[in-house]
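Novice: This is the structure I want to talk about, given as structure tokens.
No lab work stands behind these numbers, since they all come straight from the coordinates. Predicted model only: the values in this text are computed from it and were never measured. Cβ placement follows ideal geometry from the backbone for every residue including glycine, while neighbour counts extend to all protein chains displayed.
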Amino acid sequence: QVDLVESGGGLVQPGGSLRLSCAASGFFFSIYVMSWYRQAPGKERELVATISSDGESTNYADSVKGRFTISRDSAKNTVYLQMNNLNVEDTAVYYCNAHRTASYWGQGTQVTVSS
């Protein structure tokens with residue numbers, strides 16, 4: 001059974017930081033491209049960051065470049081999203097995605113940036 005479990009979301013003040021984690025199981029994690037998406041209320045889901053299967057290549061949405069860092073630990077079957085200098089526009093539900101020939105999604109974790 002495939003499972004992606006996100007954690008680490010919460011309420012943070014503008015300028016603060018959070019680290020999201022996504023623990024994967026039920027598939028061969030190390031050959032999958034891993035991504036983080038987010039969906040704010042009333043908006044479409046958008047791609048935030050992607051990391052290649054070997055961890056050597058990353059890509060980011062323009063809105064988070066320089067503030068967010070995606071990484072992965074294949075020994076732990078986990079992908080991370082370090083989010084720094086958060087602003088209110090980062091408020092959203094954040095989803096983990098695994099993609100190769102199939103695509104798997106987690107249930108999401110809420111990130112709220114508010115003073």
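Novice: Do you know the relative contact order of the chain, to the nearest whole percent, from alpha carbon pairs under 8 angstrom that are 6+ apart?
Specialist: After rounding, I find 36 percent.
Novice: Under 12 Å from the Cβ of residue 111, count the other residues' Cβ atoms, weight Lys and Arg +1, Asp and Glu -1, and hand me the total.
Specialist: Combined, the nearby Lys, Arg, Asp and Glu give -1.
Novice: Next question, about the same structure. Using only alpha carbon pairs under 8 Å that are at least six residues apart, calculate the relative contact order of segment 43-87 and give it in whole percent.
Specialist: Computed over segment 43-87, the figure is 28 percent.
Novice: Mind listing the phi-derived Karplus ³J(HN,Hα) values for segment 26-39, rounded to whole Hz, using 6.51, -1.76 and 1.60 with θ = phi - 60°, and x for any glycine or proline?
Specialist: Residue by residue, segment 26-39 yields x, 8, 7, 3, 6, 9, 9, 6, 10, 9, 10, 10, 9, 9 Hz.
Novice: For segment 21-71, what relative contact order do you get, as a whole percent, if you take Cα pairs closer than 8 Å and at least 6 residues apart?
Specialist: Value for segment 21-71: 27 percent.
Novice: Could you give the size of the charge dipole of the chain about its Cα centre, using +1 on the Cβ of each K and R and -1 on the Cβ of each D and E, expressed in debye and rounded to the nearest 20?
Specialist: For the chain, the charge dipole is close to 60 debye.
Novice: Could I ask something else about it? Where in segment 7-115 are there GluC sites (Glu not before Pro) that are in a DSSP coil and have at most 12 other Cβ atoms within 10 angstrom of their Cβ?
Specialist: Those satisfying the criteria are 44, 56.
Novice: Report the residues of segment 1-30 in range of a label on residue 58: point 7 Å along Cα→C-beta, backbone N strictly under 13 Å from it.
Specialist: Counting backbone N atoms under 13 Å from the label point, the list is 19-20.
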